[in-house]
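Heads up: the structure comes next, in structure tokens.
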Amino acid sequence: MISRCDWPGTDPDYIAYHDLEWGVPVREDRALFEYLCLEGQQAGLSWITVLRKRARYRTCFKNFDIDRVALLRDDTIEGFLNDRGLVRNRLKLYSIRSNAVACQAVRDEFGSFSTYIWSFVRGRPVDGKRKSQGDVPSSSSLSEAMSKDLKRRGFKFVGKTTCYAFMQAAGMINDHTLNCFRYHQLKQ
């Protein structure tokens, strides 16, 4: 029997996300942008809610192509407020476009969003070494620093808890528990 983190429970969508995606280091700008935006959509909700809506977000937000999202018009975003396939929160939906514009500025300054975002962990995943799910924090000094800098650059829905979840999802922090088969795979 495979031993994994407790949080996916028995939900097949959660298990697939845990086993195949969560914690795998991501270095491609578009994918990092998607992860950051979706974590922001999750604020105040459960991750499974956003995970199950991810395909619709990809359709509406041009597969998170940063340059195309930055050009979305207000009337297009307003139309998304009627789409049950999305979290219908005006501020959250507009934040995706705001984040795309901020991301373009970061790319111009650093050469890539990836270079910038990975600088918070000096380019290498942090090994959480979590014995149990109870040992996993909801934020850290790294996520707080990231949050402050992202906000300063105009990003929205990027609080320290959201940034920590983003860092976990994007593989910047290996927070799989020590007994989880993915912890050992990703450590290599």
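Quick look at the values:
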{"read-out": "Any chance Phe64 is in contact (Cβ under 8 Å) with a residue 60 or more places away in the chain, open to solvent by less than 40 Å² (accessible area, probe 1.4 Å) and not small (Gly, Ala, Ser)", "value": "no"}
{"read-out": "Members of the stretch 143-188 that are in contact with a Leu (Cβ under 9 Å, 6 or more places away or on another chain), under 18 Å from Ser132 (Cβ atoms) and polar (S, T, N, Q)", "value": "Asn174"}
{"read-out": "Some residue of the stretch 1-12 being assigned to a helix (DSSP H, G or I) and of a type in the set (A, V, I, L, M, F, W, C)", "value": "no"}
{"read-out": "Residue within the stretch 78-91 that is touching a residue at least 40 places away in the same chain (Cβ under 8 Å), open to solvent by 70 Å² or more (accessible area, probe 1.4 Å), out of contact with any Asp or Glu (no Cβ under 7 Å at 6 or more places or on another chain) and on the phi < 0 side of the Ramachandran plot present", "value": "yes"}
{"read-out": "Which listed residue, of Gly128, Gly79, is of a type in the set (Gly, Ala, Ser) and out of contact with any strand residue (DSSP E or B) (no Cβ under 8 Å at 6 or more places or on another chain)", "value": "Gly79"}
{"read-out": "Meets criteria (of a type in the set (A, V, I, L, M, F, W, C), in a loop (DSSP other than H, G, I, E, B) and under 15 Å from the mean Cα position of the chain (by Cα)) for Phe166", "value": "no"}
{"read-out": "Leading residue by the ranking (farthest from Leu32 (Cα to Cα)) among those in the stretch 97-130 that are open to solvent by 60 Å² or more (accessible area, probe 1.4 Å) and not in a helix (DSSP H, G or I)", "value": "Lys129"}
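Conditions (1) free of Cβ contacts under 8 Å to residues at least 24 places away in the same chain; (2) among the acidic types (Asp, Glu); (3) open to solvent by less than 50 Å² (accessible area, probe 1.4 Å); (4) out of contact with any Pro (no Cβ under 7 Å at 6 or more places or on another chain), marked per residue:
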site	(1), (2), (3), (4)
Asp6	no, yes, no, yes
Thr10	yes, no, no, yes
Ala16	yes, no, yes, yes
Trp22	no, no, yes, yes
Arg27	no, no, no, yes
Gln41	no, no, yes, yes
Leu71	yes, no, no, yes
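The values are calculated or read from the model by the stated rules, or taken from the named source; none is laboratory data. Keep in mind that this is a model prediction, so the values were computed, not measured. Note: ideal-geometry Cβ built from the backbone for every residue, glycine included; neighbour counts use all protein chains shown. Protein only, heavy atoms only, side chains kept; ligands, DNA and RNA dropped before computing areas. Shrake-Rupley method; radii C 1.70, N 1.55, O 1.52, S 1.80 Å.
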